[in-house]
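The values are calculated or read from the model by the stated rules, or taken from the named source; none is laboratory data. Not measured: the values here are computed from a predicted model. Heads up, the Cβs are rebuilt from the backbone with ideal geometry, glycines too, and the neighbour counts pull from every protein chain shown.
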């Protein structure tokens, strides 16, 4: 096995379980960094929510891959400075309009996501999230209203809010009508579909890994990637060593070089302890 020069780390379901990082995994990440091996977060989350999770770990002096690779931010990413951005992809405005219009016609409640702000249509039977709980979230009356800000980076649609059938209908709509311009990613928890995200065509964590490796002058063959869901597959395939968590779907396990215990069982600590020398 080649010496690992960097580790790309998914967050939710990998390093983070129910919003928490175990002391064991935290120590393993810190030990890896102390050996001069950067641990680079690669997440579906926005920059802000990634920082809330990671602010106590020494990972802000390395790049951040967020929004599934639609954004890559350089070292110092915890600051919201435009000059720190390495890459940002946005949906074309006509495409975004079609998605928002369809969601409004069907009565779907989706999240429209920009680099530093997200918009939620008023949600049925769920408490309203206050700005103090999530300062980057804004409540709107219709999905189209969010586009007054311009073209978004992505959309997210949750099964908890809309139901499985509605989420799958939106996925079919986008894949059949807008496939040339978009890609959809599925997000699972314990094997169940929890959400889909919609991005510009070609967006992936794998592309983010390639960009970061090029900037850091590291071969992708010399990096490890750890993930737990289908959205992590491009990243695991791109990295020289791809690690799947024990809680991963079979589709992720099949393409991984190694499978480690689940997120709840210290899988990250196991991977870093076994494969980092």
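Please go through (1) modelled with pLDDT of 95 or more; (2) under 19 Å from the mean Cα position of the chain (by Cα); (3) not in a strand (DSSP E or B) for residue 102 and return the number of the only condition it doesn't satisfy.
Checking residue 102 against (1) modelled with pLDDT of 95 or more; (2) under 19 Å from the mean Cα position of the chain (by Cα); (3) not in a strand (DSSP E or B), the one that fails is (2).
For the structure I just gave you, tell me whether residue 197 is assigned to a strand (DSSP E or B), farther than 22 Å from residue 16 by Cβ and modelled with pLDDT of 95 or more.
Criteria not met by residue 197.
Filter segment 15-32 down to the residues that are in a helix (DSSP H, G or I) and under 14 Å from residue 261 (Cα atoms), then identify the one that is nearest to the chain's Cα centre (by Cα).
25
Any residue at all in segment 182-189 that is more than 23 Å from residue 14 (Cβ to Cβ), in the same structural domain as residue 104 (by TED's automatic domain parsing) and touching a helix residue (DSSP H, G or I) at 6+ places or on another chain (Cβ under 8 Å)?
Taking every residue of segment 182-189 in turn, at least one turns out to be more than 23 Å from residue 14 (Cβ to Cβ), in the same structural domain as residue 104 (by TED's automatic domain parsing) and touching a helix residue (DSSP H, G or I) at 6+ places or on another chain (Cβ under 8 Å).
If I ask for residues that are surrounded by fewer than 16 Cβ atoms within 10 Å (Cβ to Cβ) and assigned to a helix (DSSP H, G or I), which ones from segment 217-226 would you list?
221, 222
Suppose we filter segment 50-67 for residues that are closer than 20 Å to residue 17 by Cα and out of contact with any strand residue (DSSP E or B) (no Cβ under 9 Å at 6 or more places or on another chain); how many remain?
Residues flagged as closer than 20 Å to residue 17 by Cα and out of contact with any strand residue (DSSP E or B) (no Cβ under 9 Å at 6 or more places or on another chain) within segment 50-67 amount to 3.
Mind counting the residues in segment 112-126 that are surrounded by fewer than 21 Cβ atoms within 10 Å (Cβ to Cβ) and either modelled with pLDDT of 90 or more or in a helix (DSSP H, G or I) (or both)?
3
Out of everything in segment 127-164 that is surrounded by 12 or more Cβ atoms within 10 Å (Cβ to Cβ) and modelled with pLDDT under 70, what residue ends up being nearest to residue 102 (Cα to Cα)?
129
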